[in-house]
Amino acid sequence: MMEKNELYKTIEGILFTMGNAVEPTRIAEALQLPLARVIDCLEQMKKDYELQDRGMRIISLESAYQMCTSKDIYDALVKIARQPKKQILTDVMLETLSIVAYRQPVTKAEIDKIRGVSSDHAISRLVEYDLIEELGRLDAPGRPMLFGTTEQFLRSFGVSSLDELPAMNPLQIEELRQEASEEAAELEVDV
């Protein structure tokens, strides 16, 4: 039999995770407990949240219960929701973005080959941030997607066209090739 504190904690986790209203019968079935015990716990939780004046409340909606925010913190929620979301580009994302910018149109496989690791997450985030987009499909087996930069990319980096991107110094290019060759040789030795 589940102790009162454990039941309270479990139901709290269920309501928080589900987000929507949950019928006590579903909770009782899942926990294999009597319905009356689950309802008693939910009602006690409702009272406790209110008495403790917490930022969260347990409310009952017809024959279900839901965890939601307290009405008195609505203004703070509105202020935080209106704040623009700061987009942070990690080193991996910047590396992937620069490959797309200088090699476009480019496939994910080409990006992965240049980086030496999978770029799935970086590509998804860059698409989400509207810095790169699908330009079409390569006319090759599997028809892989081709990626390129967006107008948002140009705005974000303060350039009006890709021609304004800085050119790499030929010495830097040779140094990078040399480093890549050395890394590849080390990987072959390690294997």
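Every number here is computed from the coordinates shown, using simple stated rules; none is lab data. Bear in mind the structure is a predicted one, so any value in this text is a computation, not a measurement. Glycine gets a Cβ as well: all are built from the backbone with ideal geometry, and neighbour counts include every protein chain shown.
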>> Quick check on region 73-91. Is at least one of its residues in contact with a Gly (Cβ under 6 Å, 6 or more places away or on another chain) and farther than 20 Å from ASP130 by Cα?
In response: yes
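Every residue, every condition in (1) touching a residue at least 24 places away in the same chain (Cβ under 8 Å); (2) farther than 30 Å from ASP130 by Cα, yes or no:
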| residue | (1), (2) |
| --- | --- |
| THR17 | no, no |
| GLU29 | no, yes |
| ASP40 | no, yes |
| MET45 | yes, yes |
| GLU50 | no, yes |
>> Just to verify a result, which residue in region 113-144, among those that are of a type in the set (Gly, Ala, Ser) and surrounded by 14 or more Cβ atoms within 10 Å (Cβ to Cβ), is nearest to GLN87 (Cα to Cα)?
In response: ALA122
>> I'm trying to understand the selection: among the residues of region 79-115, which are small (Gly, Ala, Ser) and free of Cβ contacts under 8 Å to residues at least 40 places away in the same chain?
In response: ALA81, SER98, ALA109
> Checking GLU29 against (1) surrounded by fewer than 16 Cβ atoms within 10 Å (Cβ to Cβ); (2) within 30 Å of ALA76 (Cβ to Cβ); (3) of a type in the set (Asp, Glu), which test does it fail?
Replying inline: (2)
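With respect to SER70, is the statement that it is surrounded by fewer than 16 Cβ atoms within 10 Å (Cβ to Cβ), in contact (Cβ under 8 Å) with a residue 40 or more places away in the chain and farther than 30 Å from GLY142 by Cα true?
Judged against the criteria, SER70 is not a match.
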> With (1) in contact with a Gly (Cβ under 9 Å, 6 or more places away or on another chain); (2) on the phi > 0 side of the Ramachandran plot; (3) of a type outside the set (Ser, Thr, Tyr) as the list, and GLY19 as the residue in question, which single condition is left unmet?
Replying inline: (1)
>> Condition (residue is assigned to a loop (DSSP other than H, G, I, E, B), within 23 Å of LYS71 (Cα to Cα) and out of contact with any Ser or Thr (no Cβ under 9 Å at 6 or more places or on another chain)) applied to region 13-31: is it met by at least one residue?
In response: yes
> Which of the residues belonging to region 128-162 are hydrophobic (A, V, I, L, M, F, W, C), outside any loop (DSSP other than H, G, I, E, B), over 19 Å from ILE88 (Cα atoms) and without any contact (Cβ under 8 Å) to a residue 60 or more places away in the chain?
Replying inline: LEU135, MET145, LEU146, PHE147
